[in-house]
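Peer 1: Quick one: this structure, given as structure tokens, is what I'll be asking you about.
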Amino acid sequence: MAHAARDIGGEVGVPDGRGEKKVNSSNLAAEFYVASQLYRLGYQALITYSNMKAIDIVVVHPDGRKASIDVKSLKNTTNWPFTPGHKAHDHFYVLVCYHNKYSDLTTSPEVYVVPSAEIGGLLEEWGGPAHSKQRCVGYPTIRKHPEYKDAWHMLFGPQAG
């Protein structure tokens, strides 16, 4: 059983006994949170598992339409590091912010749903020498766009769900 757990752990970045892997537990938690919300809205949500993925969740509407999601998580209220990739009318970025309360299960994260075609307008330079050339979506910036907050309807239009 320990061997099987080690094999499974290798998929999600858990230490595998041969060397430590960096674990982004907040991103994995955010993926499951987003999938849970999608199921609550009546969609099927399929989380993809790999180390090099551009799509975190495939969403299927009851009528068969599909959308893809790249989930980004933030434990605090600074910036989501960003390298935009896949652009399509049915691809979305879901930005999840835990407000420094990641371990507090009595609070829910703040969620922004942004179409991939619109993410470029939110990107900015991440300041400081450690982040030179790094692009990001700043939490203060996304807060100025209430149209994206909890905007699950963007996935399939106003009749969604």
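Peer 1: Among the residues in the stretch 51-68, are any out of contact with any Leu (no Cβ under 8 Å at 6 or more places or on another chain), of a type in the set (D, E), assigned to a loop (DSSP other than H, G, I, E, B) and at pLDDT below 65?
Peer 2: No, the stretch 51-68 contains no residue that is out of contact with any Leu (no Cβ under 8 Å at 6 or more places or on another chain), of a type in the set (D, E), assigned to a loop (DSSP other than H, G, I, E, B) and at pLDDT below 65.
Peer 1: Moving to a separate point now. Considering each of A117, A67, A88 in turn, give the residue that is out of contact with any helix residue (DSSP H, G or I) (no Cβ under 8 Å at 6 or more places or on another chain), farther than 23 Å from S25 by Cα, aliphatic (A, V, I, L, M) and in contact (Cβ under 8 Å) with a residue 24 or more places away in the chain.
Peer 2: A117
Peer 1: Identify, from the list H91, H145, H99, H86, the residue that is closer than 20 Å to D70 by Cβ and at pLDDT below 95.
Peer 2: H86
Peer 1: Just give me the residues in the stretch 69-80 being under 19 Å from S36 (Cα atoms) and in a strand (DSSP E or B), in sequence order.
Peer 2: Those that are under 19 Å from S36 (Cα atoms) and in a strand (DSSP E or B): I69, D70, V71, K72, S73, L74.
Peer 1: Please count how many residues of the stretch 70-85 are touching a Phe, Trp or Tyr at 6+ places or on another chain (Cβ under 6 Å) and either without any contact (Cβ under 8 Å) to a residue 60 or more places away in the chain or aromatic (F, W, Y) (or both).
Peer 2: Going through the stretch 70-85 one residue at a time, the tally reaches 2.
The values are calculated or read from the model by the stated rules, or taken from the named source; none is laboratory data. The structure displayed is predicted, hence computed values, not measured ones. Cβ coordinates were reconstructed from backbone atoms using ideal geometry, including for glycine residues, and neighbour counts include every protein chain displayed.
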